[in-house]
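**Q** One structure coming up, written as structure tokens, with questions to follow.
Every read-out reported here was derived from the displayed coordinates using simple, explicitly stated rules and does not represent laboratory data. Quantities reported herein were computed from a predicted structural model and do not represent experimental measurements. Note that each Cβ is placed from the backbone with ideal geometry, even for glycine, and that neighbours are counted across all protein chains shown.
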Amino acid sequence: MKKKYIAIGMGALLAIIAPGLVQAEMTAVDDATLAGISGQGGIYLSGDISINELGGPVEDSYFGSCEELAKKCGARFAYQLKENGGWMVLDEIRGNFAFEGLTLRVRSINSGFGGDGEVFDGDVLELGLPDVIRFHDVRFKIAGSSMARPSDPGFRQTDIISAEMQGNVIMEGNLLVFPAGTP
Amino acid sequence: MSRALGLECYRYTIFAALWLSPLLAQGELRSLDDSALATIRGQSGLSMELELTASADRIAYFDDGNGIYLEDFRIGAASNPNQQARHLINIDIADDASLNLDYIVEDRRIEFGDIRLAGAPGVSMGGLFFDHNLAGSLRIRSGGATGSGYYFDSAYSMTDGRLGYRTNGNEVFLDDIAMTVEAPGVTLDLIDGALAIYAPSLIGSYSIGAVRFSGNPANHGASRDIASGELLSSYGGFAGDFDLSSNTAIRAGGRSGEGLRIDNQTVINSANFIYRDDAQQLALRDISGYWNVVDLRMDVAADWQGRNALALTLGRLNGELKIGRIEMGANGQSLGAVNLSFLLEDAVYSGESYSNVVYLQGGGHPDAGPQGLRLATEWSLQRADISYTENGHRVIFSGLQSWGRGDITVNVTRDSELNGTRFYDGLRIGFDGVRAGYRLNGLRVGSEDALLQGGTELLLALGFYPAYEFEMDGQLTLGAGGASGEGITINSDVSIRNGRAALLAAPYDDGDGPAEQKGLWISDLNYESHMRDATVDVTQNGLEVVQGEAWSTMDVGNLRVGNKDSGASFGRFVLEQYETGSSMVISPGGAGDVCAGGAGADAASCEASGGRWETRGDEGLTIGLKQILARAESGGRRNALTWETNRELDSSGQLVSNSGTRMVLNDIHTSDGGDYDGDGTDDNTFGIQTDIAVDVYQTRVVKKSDGADAQGVVGARGDEKIMDPSVAAGYRYVAVPGPEELASRPLGFAVNARARFRELSVNNVDLVHPVGGAQTAVYGVSMQNFDIKANLTATPMP
């Protein structure tokens with residue numbers, strides 16, 4: 001294996017989500033190396049995904065189509081961390097992103113990784129990351145709200161941050177996911 | 001020909017005459033006037049008119065001392081059991097010494113009230129009845145294939161037919177059957193001790209007006225309910241035609257001792273099959289294929305549990321079935337073509353031998369009454385390839401194997417609770433201790449000898465696991481009548497234990513013989529599923545399934561990666577589902593014209609936006625799903641997801657459920673976002689609506705690094721994969737493909753999907769400690785106003 005990339009951020013994220021059970025590591029494996037790996041097959045995914053391109057299915061005093069400037073046409077995600085407390089909200093979620101070459105397969109590792117592979121001698125779920133993810137007009141707001149539903153009586157909301165993403169994100173390598181700890 | 005052989009041939013001739021012509025005529029001789037005689041062919045010879053009733057309390061067949069009894073046998077009028085069936089037969093000897101029979105049969109019923117096996121007291125298989133009018137001819141002459149056999153030319157038409165099966169006073173029957181058959185030049189010979197029957201051409205058509213159900217014991221073989229006068233509810237009707245040729249050999253001798261052996265080769269030159277539901281139809285057109293039956297034996301023998309049965313044991317069955325078009329919907333649009341090749345033969349799976357046998361026994365479900373069918377069944381599908389072709393693009397699901405063993409019961413039941421078991425109206429198929437499994441080896445694209453690739457996990461989108469082993473009990477009752485008019489109503493209860501299903505799976509044989517199938521497995525699976533009043537109808541849109549109420553619990557003991565039994569585990573996952581009024585519509589036609597990676601209604605505007613304009617054709621498959629996730633109800637039915645880790649081990653080293661730490665997403669449900677009808681609860685009619693259009697189409701696959709790939713094919717990062725049969729690997733990499741090369745992009749699945757929901761909520765997210773109990777981490781999650789569109793291509797990888 002000539003190249004090795006470590007995505008600390010994503011690994012750390014997964015480590016937070018699943019402490020002690022799931023481990024994930026990002027490595028780039030060239031195509032020739034794959035030829036020597038048992039447990040082949042899998043799928044190669046490409047495509048584009050858009051969220052609320054023209055609006056969502058709700059039509060009320062708050063939500064509407066994107067042509068109605070007085071209304072919100074994005075999606076809304078709200079969660080409540082305290083009983084009878086306020087709601088954290090990701091609001092007006094919209095946008096499009098495209099990717100090419102996301103792969104998915106199960107892979108056996110019993111060599112490489114600077115000698116760690118031989119010690120590991122196990123199977124992993126391998127997500128081969130797409131080289132480029134293109135973001136187009138991806139946007140959302142982070143807000144605090146008194147209600148989960150904007151249509152409920154007493155609804156008040158304070159927008160905290162607005163975010164917008166354009167351009168390409170380069171993601172090389174593979175994300176290896178494998179269990180560890182007591183199941 | 002010796003006298004003994006001649007007598008044997010004569011006996012076989014009589015047998016064959018009865019087989020070729022649906023005549024079972026015995027009875028009194030009556031005069032026929034000239035005017036009646038003029039209505040049938042032939043003006044000379046012997047004419048007979050018979051008004052026939054015949055009955056027998058019991059007809060017995062013995063095989064090595066084991067008996068099977070056909071009880072309450074009767075021939076008479078179909079319209080009135082006390083009257084006679086009319087037969088009109090003209091017998092003529094032609095100049096070439098051939099025997100010509102012209103016959104008319106009116107209003108005849110042939111019936112067995114029950115079928116019993118010796119040594120099985122108190123239970124029976126139930127009764128069969130067959131009503132019909134017939135008009136036909138049969139010509140017999142000497143010759144045959146060997147010169148010392150016989151020729152037969154047969155043709156007949158049947159009208160007003162009924163074929164029914166009755167258990168415990170309930171019956172299901174094919175109603176209003178019309179059929180024509182022509183079988184010229186059939187030969188009958190005695191060859192090497194076998195009765196050899198060769199039918200070079202068997203051409204016919206059929207129509208079944210309705211398949212009806214009756215749960216009223218007072219009804220028997222009638223289209224209308226005797227109490228209400230209403231037509232009995234119907235599953236729908238069938239129609240079709242066929243052009244076959246067939247070669248059959250029948251020998252004496254069962255699998256052990258006495259019995260019967262049958263070998264058969266049949267070629268389907270052409271056929272069509274149409275299922276009708278009210279005014280709509282689902283049609284399988286341009287059917288062709290063949291099958292070879294080798295060493296099928298019939299015995300009366302005991303099964304593996306020592307139960308007496310009529311045993312059908314198979315040496316081998318192989319064949320191929322091609323369906324040129326699968327049409328449905330108002331415009332008769334096609335899903336595409338399907339080709340199935342198969343081989344059923346003894347084989348060993350996971351160290352255990354399986355063969356193909358069915359032991360037919362009486363009884364059915366023990367609580368349903370004494371009559372019913374119990375089929376102790378074992379099967380071994382050693383290999384099957386299923387290909388799907390749409391708009392000229394072909395994908396083959398290669399190397400399907402299936403095996404299993406267990407009891408399958410069949411009863412016709414009515415809505416009632418008997419001996420503590422709930423039954424529903426319809427044909428009940430029960431599963432009693434069935435241990436079974438299947439696995440797919442991989443995908444091939446284009447042809448059967450193409451490179452074996454992964455990608456079978458793409459079937460997950462259609463609800464099929466790439467590999468699955470399980471133990472199953474339960475029932476599926478198919479009732480008559482759909483959401484409106486004809487159709488099918490389903491009530492089912494299924495319990496699966498010790499299941500192991502693959503979410504991702506490598507080939508089980510990549511050319512070097514069977515090997516461990518690595519994958520991502522849901523292991524130690526226990527699954528309970530219940531469905532009430534689901535309806536299946538063919539509509540203007542396609543095939544429509546509407547669930548009444550459905551709930552299930554999928555308890556995945558371990559989600560493993562690698563080996564299905566010993567792979568490392570991510571822990572235990574429990575998925576509980578509770579849906580009311582969910583639906584699915586399967587429609588012909590895929591995505592059509594698509595702008596992939598851009599936006600635009602035509603090629604120019606799409607490409608101007610940076611997208612790729614794709615014309616995916618008029619065939620393909622579109623699935624429309626509507627999932628109404630109901631709120632948790634007091635009986636415990638709910639939608640929830642639980643993840644458990646750090647479980648304790650019991651004294652035998654097994655992980656103990658609910659002994660570890662759990663995260664629970666509780667009461668996941670959909671909503672319309674408010675109480676608009678004023679009934680005090682939020683409306684829930686929109687649910688999660690998902691439309692998925694699937695096409696087999698050329699996809700863009702780029703190389704992700706410089707150098708040689710897994711197959712040793714060299715290319716640079718960013719080069720595009722182009723299929724090329726002239727090179728050893730079957731493909732090469734091209735930096736800038738030209739128009740011809742772009743037309744040779746690899747085939748994959750193109751999925752155009754759209755998912756929408758108004759509101760999807762999680763009531764609470766709890767963290768549960770085995771000692772400390774549950775603590776709520778999140779007091780509510782609410783997602784609103786989502787409309788997600790996706791254009792995805794999924795390409796299998798070698």
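**Q** Convert 4 °C to kelvin, take the viscosity as 1.567 mPa s, use the Kirkwood radius over C-alpha pairs of the stretch A:59-183 as Rh, and evaluate the Stokes-Einstein diffusion coefficient in µm²/s, rounded to a whole number.
**A** In µm²/s, the coefficient is 71.
**Q** When a/c is below 1.5 the answer is rounded, else prolate if a/b is larger than b/c, else oblate, so apply that to the stretch B:150-219 with a ≥ b ≥ c taken from the square roots of the Cα gyration tensor eigenvalues.
**A** Working: a/c = 4.63, a/b = 2.08, b/c = 2.23.
Oblate shape, in that a/c is at least 1.5 and b/c is the bigger or equal ratio.
**Q** Now, a different point. Can you work out ³J(HN,Hα) from phi for every residue in the stretch A:123-138, in order, using Karplus 6.51 cos²θ - 1.76 cosθ + 1.60 and θ = phi - 60°, giving whole Hz and x for Gly and Pro?
**A** Ordered by residue, 3J(HN,Hα) equals 10, 9, 8, 10, 9, x, 6, x, 4, 9, 10, 9, 9, 9, 6, 7 Hz.
**Q** Rounding to the nearest 20 debye, state how big the charge dipole of the protein assembly as shown is about its Cα centre with +1 on each Lys and Arg Cβ and -1 on each Asp and Glu Cβ.
**A** Using Cβ point charges on Lys, Arg, Asp and Glu, the protein assembly as shown gives about 1360 debye.
**Q** Let me ask something else about it. Which aspartates and glutamates have a Cα less than 16 Å from the Cα of residue B:518, not counting those fewer than 8 places away in the same chain?
**A** Hits, sequence-local ones excluded: A:121, A:123, A:126, B:457, B:469, B:509, B:510, B:565.
**Q** Multiply the residue separation of residue B:391 and residue B:417 by 0.36 nm, subtract the distance between their alpha-carbon atoms, and state the gained length in nm to one decimal.
**A** Additional length available on full extension: 4.3 nm.
**Q** Please list the non-local residues whose amide H lies under 5 Å from the amide H of residue B:598, H modeled 1.01 Å from N, same-chain partners needing a gap of 5 or more.
**A** Hits under the 5 Å cutoff: B:612.
**Q** Oh, and also: Can you give the helix-only mean residue ellipticity at 222 nm for chain B, where every DSSP H stretch with n ≥ 4 adds -39500 (n - 2.57) and the sum goes over all residues, rounded to the nearest 500 deg cm²/dmol? Let's see the in-between values first.
**A** On the way: 4 runs with 33 residues, N = 798.
After summing the helix terms and dividing by the residues of chain B, the value is -1000 deg cm²/dmol.
**Q** In addition: Taking the Cβ-Cβ separation of residue B:676 and residue B:648 as r and a Förster radius of 60 Å, what is the calculated FRET efficiency to the nearest 0.05?
**A** Working: r = 49 Å, r/R0 = 0.81.
Efficiency computed from Cβ-Cβ geometry: 0.80.
**Q** Still on this structure: Measuring from centroid to centroid over Cα atoms, what is the spacing of the stretch B:104-125 and the stretch B:549-621 in Å?
**A** 49 Å
**Q** How many percent of all Cα-Cα pairs in the stretch B:700-745 sit more than 12 Å apart?
**A** 56 percent
**Q** Taking 0.36 nm per residue of separation and subtracting the Cα-Cα distance, what length does fully extending residue B:497 through residue B:768 add?
**A** Between residue B:497 and residue B:768, full extension yields an extra 95.0 nm.
**Q** Further question on the same structure: Suppose R0 equals 60 Å; then what is the FRET efficiency for residue A:160 and residue B:740 from their Cβ-Cβ distance, rounded to the nearest 0.05?
**A** 0.65
**Q** At a 10 Å Cβ-Cβ cut-off, how would you order B:769, B:530, fewest neighbours first?
**A** Lowest count first: B:769, B:530.
**Q** I've got another one for you. For the stretch A:114-183, what D do you get in µm² per second when you plug the Kirkwood radius from alpha-carbon pairs into Stokes-Einstein at 4 °C and 1.567 mPa s?
**A** Diffusion coefficient, whole number: 76 µm²/s.
**Q** If each of residue B:533 and residue B:659 carries a label point 7 Å out from its Cα toward its Cβ, how far apart are those two points in nm?
**A** Each label point is offset 7 Å from its Cα along the Cβ direction, giving 4.3 nm.
**Q** Give me the inter-chain shielding for A:97-106: mean count of other chain Cβ atoms within 10 Å, whole number please. List each step's numbers first, then the result.
**A** On the way: counts 0, 6, 2, 6, 6, 2, 4, 8, 9, 15.
Mean shielding count: 6.
**Q** Hey, could you get me the Stokes-Einstein D for the stretch B:376-523, Kirkwood radius over alpha-carbon pairs, 20 °C and 1.002 mPa s, rounded to whole µm² s⁻¹?
**A** It comes out at roughly 122 µm²/s.
**Q** To one decimal place, what orientation-averaged projected area in nm² is obtained for the convex hull of the Cα set of chain B?
**A** Approximately 43.6 nm², given one-decimal rounding.
**Q** If you don't mind, another one. Could you give the C-alpha radius of gyration of the protein assembly as shown expressed as a fraction of 2.2 N^0.38 Å, taking N as the number of residues it contains?
**A** 1.09
**Q** Something else: Using the count of nearby Cβ atoms within 10 Å as a rough guide to exposure, how do B:425, B:286 rank from fewest to most?
**A** Numbers: B:425 22, B:286 15.
By the 10 Å Cβ count, ascending, the order reads B:286, B:425.
**Q** Another question, then. Per residue of A:77-85, what is the mean number of Cβ atoms on other protein chains within 10 angstrom of that residue's Cβ?
**A** 5
**Q** Still on this structure: Using a 10 Å cut-off around each Cβ of peptide B:561-571, what is the average number of partner chain Cβ atoms that fall inside?
**A** Partner Cβ neighbours, averaged per residue: 5.
**Q** Let me ask something else about it. Where does the Debye-calculated log10 I(q)/I(0) of the stretch B:129-247 sit at q = 0.15, 0.20, 0.22 Å⁻¹, using only Cα point scatterers of equal weight, no solvent?
**A** Normalising to I(0) and taking log10 leaves -0.76, -0.99, -1.10.
**Q** On a full-extension model of 0.36 nm per residue, what is the gain between residue B:292 and residue B:449, subtracting their alpha-carbon distance, rounded to one decimal in nm?
**A** 54.2 nm
**Q** Right, something else. Can you give me the distance in nm between label points at residue A:71 and residue B:227, each placed 7 Å from the Cα along the Cα-to-Cβ direction?
**A** 5.3 nm
**Q** Amide H of residue B:764 versus every other amide H placed in the peptide plane: which residues, excluding those fewer than 5 positions away on the same chain, fall under 5 Å?
**A** Those qualifying (amide H under 5 Å, at least 5 residues apart or on another chain) are B:666.
**Q** Could you give me the ³J(HN,Hα) list for the stretch B:412-426, computed from phi with Karplus coefficients 6.51, -1.76, 1.60 and θ = phi - 60°, whole Hz, x at Gly and Pro?
**A** 9, 10, 10, 4, 5, 10, 10, 6, x, 10, 7, 10, 10, 4, x
**Q** Continuing with the same structure: For the stretch B:510-612, go through all pairs of different Cα atoms, get the mean of 1/r, take its inverse, and jot down that Kirkwood value in Å.
**A** Answer for the stretch B:510-612: a Kirkwood hydrodynamic radius of 18.4 Å.
**Q** Let me ask something else. Residue by residue through the stretch B:341-358, what is 3J(HN,Hα) from phi via Karplus (6.51 cos²θ - 1.76 cosθ + 1.60, θ = phi - 60°)? Round to whole Hz and write x for glycine and proline.
**A** Once θ is set to phi - 60°, the couplings for the stretch B:341-358 become 10, 8, 9, 9, 7, 4, 7, 10, 10, 6, x, 10, 7, 10, 10, 10, 9, 10 Hz.
**Q** For the residue pair residue B:316 and residue A:61, what label-to-label distance in nm results when each label sits 7 Å from Cα along the Cα-to-beta-carbon direction?
**A** 7.7 nm
**Q** Sticking with this structure for a sec: Note down the magnitude of the dipole of chain B about its Cα centre, charges +1 on Lys and Arg C-beta and -1 on Asp and Glu C-beta and zero elsewhere, to the nearest 20 debye.
**A** 1260 debye
**Q** Set the Förster radius R0 to 45 Å, insert the Cβ-Cβ distance between residue B:51 and residue B:350 as r into 1/(1 + (r/R0)^6), and round the FRET efficiency to 0.05.
**A** That pair, residue B:51 with residue B:350, gives E of 0.15.
**Q** Going by C-beta contacts inside 10 Å, put B:668, B:274, B:191 in order with the fewest on the left.
**A** Lowest count first: B:191, B:274, B:668.
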